[in-house]
Amino acid sequence: MPTNPNQRDQNTSSNIQHSQIAIHRDISGARHAEVSQTQTIPVSQGFGPDVVGTERPPPNIILVSKDSVSFYTDEYTLLRLSNNNFNGLLPLPSQASVNRMVFLKNLPSSELKIVLHAIYVNVPITSSGNSLDDFQLLARGIGWLPTFGIPVKSVILPRTPLFNRMLSFAPLHSVEVYSLAGHHDMNDLAVTASSHTLSVDLASLKKELAKHMGPTYLLRLLRLHRIRQTTLLSLLAKAPDSHSETEECRSEDQQVLKGEWNTSVGFLIGKVNAGTVPGLIREAVMSHTSSITCKDCTRARDARLNAVLAEWSATVVSLEMPSPFEYVPTAFTEIRMTI
């Protein structure tokens, strides 16, 4: 295994840019296939032979996808990041340029490109779609990294292009992004994505996604949602304070406000979730207490409502919370057991 990219044969690095390679190795490393030296193989955008002006080392190996698209890479980088010699495919025994092609028979170019974007973080990512299909393609590509001995969280770090690309899907596909983060133990991504899951009903969480994220991240997500729900209900449980009796509003009159406040809370109980917006709370309270005419009662109601909304806005919205291995209330335990 080379110890430094500068130790590579510079002639190999130069010649490989112009030769049509004849020998392929499949993903198992056990079979070789002869290919015509005159066959033209398209080159992937961003992973061509010309690395002038980039931070990529000179290429000395070509990876070819199952749909026959070539990617110019360097053996040193692939071996440095891999803990299994790139699935046993490297290092190649020959330094001759005519023999330095690896054929990945099960890996389409769209997914191989994602693998290499994770490895070569300075190569710009051109894809910009945000559909679920785009995300699933990204997830499949990332899923190949462990096959080649590269832990996902060791290369897709916060603020890298691929991390940001994954995060861009969170507003529309929050649970899918969170599940992917949990599967690969990418805590930073999971923490950020978790705040986008607050409006999701976890009782309808698909079994496949729950299994994919794993029990630890599932429990953390359940706890986040439960903490927010119980926090909101606890805030609403406290009715507005009483005020000093007046000739128009005595102590027994003030019970009307408390009764209508409790009615609004009862209305909200079936509607609140971890992502309940302040507007819904305000609308429910105001509509159920609209009959109150005492100015002191109105001020007390407004003061309590504003306090509830302020504390609710300050309630934790992501996974940055105490240990995930604490007790989960019965209702959420049942959800966890059934998915």
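The values are calculated or read from the model by the stated rules, or taken from the named source; none is laboratory data. The structure displayed is predicted, hence computed values, not measured ones. Here the Cβ positions follow ideal geometry from the backbone for every residue, glycine too, while neighbour counts run over all protein chains shown.
Filtered by the rule that a residue be surrounded by fewer than 19 Cβ atoms within 10 Å (Cβ to Cβ) and within 28 Å of residue 175 (Cβ to Cβ), segment 236-267 gives a lone residue, 267.
In segment 275-298, the residues that are within 30 Å of residue 226 (Cα to Cα) and assigned by TED's automatic domain parsing to the domain that holds residue 261 form Cβ pairs under 9 Å with partners that are surrounded by 17 or more Cβ atoms within 10 Å (Cβ to Cβ) and among the aromatic types (Phe, Trp, Tyr), at six or more places apart or across chains, as follows: 276/312; 278/312; 281/312; 285/261; 288/261; 289/261. Scanning segment 157-195 for residues that are in a helix (DSSP H, G or I) and polar (S, T, N, Q), we see that the one that is farthest from residue 217 (Cα to Cα) is 164.
Within segment 101-135, the set of residues being in contact with a helix residue (DSSP H, G or I) (Cβ under 8 Å, 6 or more places away or on another chain), among the charged types (D, E, K, R) and surrounded by fewer than 22 Cβ atoms within 10 Å (Cβ to Cβ) comprises 111 only.
Within segment 52-61, if we keep just the residues that are out of contact with any Phe, Trp or Tyr (no Cβ under 7 Å at 6 or more places or on another chain) and crowded, with 19+ Cβ neighbours inside 10 Å, the residue that is nearest to residue 71 (Cα to Cα) turns out to be 61. Regarding residue 246, is this residue in contact (Cβ under 8 Å) with a residue 40 or more places away in the chain, assigned to a helix (DSSP H, G or I) and farther than 15 Å from residue 180 by Cβ? Spelling it out, it is not the case that residue 246 is in contact (Cβ under 8 Å) with a residue 40 or more places away in the chain, assigned to a helix (DSSP H, G or I) and farther than 15 Å from residue 180 by Cβ.
A single entry from 143, 182 fulfils the requirement of being closer than 19 Å to residue 82 by Cα and either of a type in the set (A, V, I, L, M) or crowded, with 16+ Cβ neighbours inside 10 Å (or both): 143. Scanning segment 304-318 for residues that are more than 8 Å from residue 231 (Cβ to Cβ) and in a loop (DSSP other than H, G, I, E, B) gives 314, 316, 317, 318.
Within the bounds of segment 249-267, is there any residue that is over 22 Å from residue 194 (Cβ atoms), of a type outside the set (D, E, K, R), in contact (Cβ under 8 Å) with a residue 24 or more places away in the chain and not in a helix (DSSP H, G or I)? Checked segment 249-267: at least one residue is over 22 Å from residue 194 (Cβ atoms), of a type outside the set (D, E, K, R), in contact (Cβ under 8 Å) with a residue 24 or more places away in the chain and not in a helix (DSSP H, G or I). Taken as a whole, the structure leaves residue 123 outside the set of residues that are more than 27 Å from residue 186 (Cβ to Cβ) and not aromatic (Phe, Trp, Tyr).
Residues satisfying the criterion are present in segment 276-287 (criterion: in contact with a Phe, Trp or Tyr (Cβ under 6 Å, 6 or more places away or on another chain) and within 28 Å of residue 171 (Cα to Cα)).
Screening residue 133 on (1) under 26 Å from residue 273 (Cα atoms); (2) without any contact (Cβ under 8 Å) to a residue 40 or more places away in the chain shows it passes everything except condition (1).
Filtered by the rule that a residue be surrounded by 15 or more Cβ atoms within 10 Å (Cβ to Cβ), aliphatic (A, V, I, L, M) and part of a helix (DSSP H, G or I), segment 196-214 gives 202, 209, 210, 213.
Can you pull out the residues in segment 63-81 that are closer than 18 Å to residue 121 by Cα and either touching a residue at least 12 places away in the same chain (Cβ under 8 Å) or of a type outside the set (Lys, Arg) (or both)? Answer for segment 63-81, where residues must be closer than 18 Å to residue 121 by Cα and either touching a residue at least 12 places away in the same chain (Cβ under 8 Å) or of a type outside the set (Lys, Arg) (or both): 63, 71, 72, 73, 74, 75, 76, 77, 78, 79, 81.
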